[in-house]
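The values are calculated or read from the model by the stated rules, or taken from the named source; none is laboratory data. Nothing here was measured: the structure is a model prediction, and the numbers come from that model. Heads up, the Cβs are rebuilt from the backbone with ideal geometry, glycines too, and the neighbour counts pull from every protein chain shown.
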Amino acid sequence: MTVSDPVITVTPSGGFAATVGVAYTQTFTWSGGASPYSGYQVTNLPAGLSITATSADSATISGTPTAAGSFSLNASATDSSTGIGPFTAGQTFALTVAGPTLTMTPAATTFNAVYVTPFSQAFTASGGVGPYTYALTGSVAAGVSLAGDTLSGSPTAPGTFNFTITATDTGSTGTGSPFTVAVDYVLDVSAPTIVIDPASLPDGVTSVAYNATISATGGVAPYTFAVAAGSLPGGLSLATDGTLSGIPTGPGTFNFDVEASDANGQTGTRSYALVVQVPPLTFVSTPLADGTVAFGYSQMLTASDGLPPYQFAVTAGALPPGLNLDPTGLISGVPASRGVYTFTVTVTDSNTPSASVSADFTIRIDPEAVDLPTLSNLSLLLLLTLIGLIGVTQLRRQRI
């Protein structure tokens with residue numbers, strides 16, 4: 001009697017398509033021989049898979065594959081046959097492990113950041129084995145950089161920046177490795193609002209020292225200042241630290257723009273209208289000289305500050321008869337009568353609007369002359385009669 005060797009077969013429990021980073025399990029069952037089986041082997045397994053369980057007639061491989069590619073597996077075991085046994089039987093299977101499907105969070109999007117304000121954004125890759133490395137291509141704002149899986153910093157330049165984060169799965173090997181995922185992003189950094197103060201500048205006065213300080217906020221100190229348009233009043237200058245100083249040389253309204261630049265070159269501007277006034281008009285009031293009837297008289301009135309030329313006029317009282325006031329301030333003429341004359345003179349400058357100031361003056365004409373009494377006609381007749389009588393008496397005495 002001839003006893004033939006057993007025909008041992010190996011049957012898998014499922015398919016042979018796996019993916020890197022995804023858990024996989026497969027059970028091989030032996031039949032046709034004498035159970036129990038022993039010496040289970042599954043050779044040429046990809047990294048990450050191994051025999052994890054056995055039974056009397058089966059062996060299970062499981063795990064998470066970390067290598068991609070095609071693998072020719074050979075599953076073998078030995079039965080318990082006696083006689084000419086035991087018998088060892090194996091069978092070949094083709095396992096295909098696909099590369100991982102990596103994903104990144106967050107998905108493609110626009111990040112909003114604020115100038116010189118701390119910003120931070122982390123990126124997380126998944127779907128592979130890990131760990132992951134991260135790299136940035138493209139451009140981001142100055143002051144921002146990628147360290148590990150986090151983009152962070154305080155942006156020092158506004159604008160819109162396009163960049164790509166690429167994650168690489170360093171734990172995966174095999175066909176197609178290294179495995180990566182790249183996602184495009186936008187970083188939008190809003191421009192700063194640099195505010196210049198004060199909102200307006202104090203008025204200046206011609207020939208009087210002027211000093212004002214201009215400052216800025218909203219950016220990164222230190223700031224530098226410059227006149228961007230228009231012109232300063234003559235005699236004034238703007239230092240880079242914002243000090244506006246000097247001695248104005250002329251009146252007027254001066255329009256100009258000041259630009260402030262922060263430490264990163266970001267700018268802001270403010271328009272100013274600086275008014276330079278003339279000094280207050282002053283009447284140089286000095287006592288006027290006395291005059292004499294029938295003798296020429298000349299006195300000059302003067303004013304200072306304000307804006308020349310000046311106009312002088314009598315606005316109350318009256319000059320002595322024979323005298324006149326020229327608009328230039330000259331009082332001249334020939335007094336016609338004695339007396340004490342009090343009057344008010346107002347001087348007006350040429351500013352817009354004009355300024356005026358008044359002063360009171362007194363002119364005395366013949367102040368030391370002695371008045372003779374005024375005689376009536378009867379008194380004059382009596383005086384003449386008395387003189388005549390005195391004369392007749394004197395003649396008679398001479399004849400005797």
Check: Quick one: in region 144-176, which of the residues that are touching a residue at least 60 places away in the same chain (Cβ under 8 Å) and within 20 Å of the chain's Cα centre (by Cα) is nearest to Ala191 (Cα to Cα)?
Finding: Pro158
Next item on the list: Evaluate the following for Gly219: is it assigned to a loop (DSSP other than H, G, I, E, B) and on the phi > 0 side of the Ramachandran plot?
Entry: no
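Restricting the search to region 18-60, which residues are among the β-branched types (Val, Ile, Thr) and surrounded by 21 or more Cβ atoms within 10 Å (Cβ to Cβ)? Break it down into steps so the answer makes sense when it comes.
Here is the first cut: in region 18-60, the residues among the β-branched types (Val, Ile, Thr) are 19-20, 22, 25, 27, 29, 42-43, 51-52, 54, 60.
Those that are among the β-branched types (Val, Ile, Thr) and surrounded by 21 or more Cβ atoms within 10 Å (Cβ to Cβ): Val20, Val42.
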Check: Which residues, taken from region 234-244, are buried (at least 17 other Cβ atoms within 10 Å of the Cβ) and in a loop (DSSP other than H, G, I, E, B)?
Finding: Gly235, Gly242
Item checked: Given (1) over 30 Å from Gly159 (Cβ atoms); (2) outside the structural domain of Ser337 (by TED's automatic domain parsing), number of the condition Ala229 does not satisfy -> (1)
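Might you check whether a residue that is β-branched (Val, Ile, Thr), closer than 30 Å to Thr267 by Cβ and not in a loop (DSSP other than H, G, I, E, B) occurs anywhere in region 123-143?
To start, the set of residues in region 123-143 that are β-branched (Val, Ile, Thr) comprises 124, 129, 133, 137, 140.
Filter once more, so that each one left must be closer than 30 Å to Thr267 by Cβ: 140.
Filter once more, so that each one left must be not in a loop (DSSP other than H, G, I, E, B): none.
Within region 123-143, not a single residue is β-branched (Val, Ile, Thr), closer than 30 Å to Thr267 by Cβ and not in a loop (DSSP other than H, G, I, E, B).
So which strands (runs of 3 or more DSSP E) are wholly in region 245-321 and hold at least 1 residues that are touching a Lys or Arg at 6+ places or on another chain (Cβ under 7 Å), surrounded by 14 or more Cβ atoms within 10 Å (Cβ to Cβ) and touching a residue at least 12 places away in the same chain (Cβ under 8 Å)? Lay out the reasoning, then the answer.
Numbers: elements: 252-261, 267-277, 282-284, 297-300, 302-304, 311-317.
Result: 252-261.
Yes or no, residue by residue, for (1) more than 34 Å from the chain's Cα centre (by Cα); (2) not β-branched (Val, Ile, Thr):
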| position | (1), (2) |
| --- | --- |
| Ser76 | yes, yes |
| Thr88 | yes, no |
| Val97 | yes, no |
| Gln121 | no, yes |
| Gly130 | yes, yes |
| Ala142 | no, yes |
Margin query: Condition (residue is surrounded by fewer than 12 Cβ atoms within 10 Å (Cβ to Cβ) and either touching a helix residue (DSSP H, G or I) at 6+ places or on another chain (Cβ under 8 Å) or outside the structural domain of Ser172 (by TED's automatic domain parsing) (or both)) applied to region 64-72: is it met by at least one residue?
Written below: yes
Checklist line | Residue pairs meeting the criteria (Cβ under 6 Å; at least 6 apart or on separate chains; first closer than 14 Å to Ser72 by Cβ, in region 36-53; second of a type in the set (Phe, Trp, Tyr) and surrounded by 12 or more Cβ atoms within 10 Å (Cβ to Cβ)) | finding: Asn44/Phe71; Pro46/Phe71
Note to self: Can you name every one of the strands (runs of 3 or more DSSP E) wholly within region 1-67 that holds 1 or more residues which are under 19 Å from Ser172 (Cα atoms)?
What the structure shows: 17-19, 24-31, 49-54, 58-63
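Evaluate region 109-117: report whether one residue or more is among the hydroxyl-bearing types (Ser, Thr, Tyr), surrounded by 14 or more Cβ atoms within 10 Å (Cβ to Cβ) and not in a loop (DSSP other than H, G, I, E, B). Write out each step before concluding.
Let us first name the residues in region 109-117 that are among the hydroxyl-bearing types (Ser, Thr, Tyr), namely 109-110, 115, 117.
Those left that are additionally surrounded by 14 or more Cβ atoms within 10 Å (Cβ to Cβ): 115.
Next, only the ones that are not in a loop (DSSP other than H, G, I, E, B) stay: none.
Among the residues of region 109-117, not one is among the hydroxyl-bearing types (Ser, Thr, Tyr), surrounded by 14 or more Cβ atoms within 10 Å (Cβ to Cβ) and not in a loop (DSSP other than H, G, I, E, B), which makes the answer no.
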Margin query: Filter region 1-35 down to the residues that are more than 60 Å from the chain's Cα centre (by Cα), farther than 19 Å from Ser72 by Cα and of a type outside the set (Gly, Ala, Ser) and list them by number.
Written below: Met1, Thr2, Val3, Asp5, Pro6, Val7, Ile8
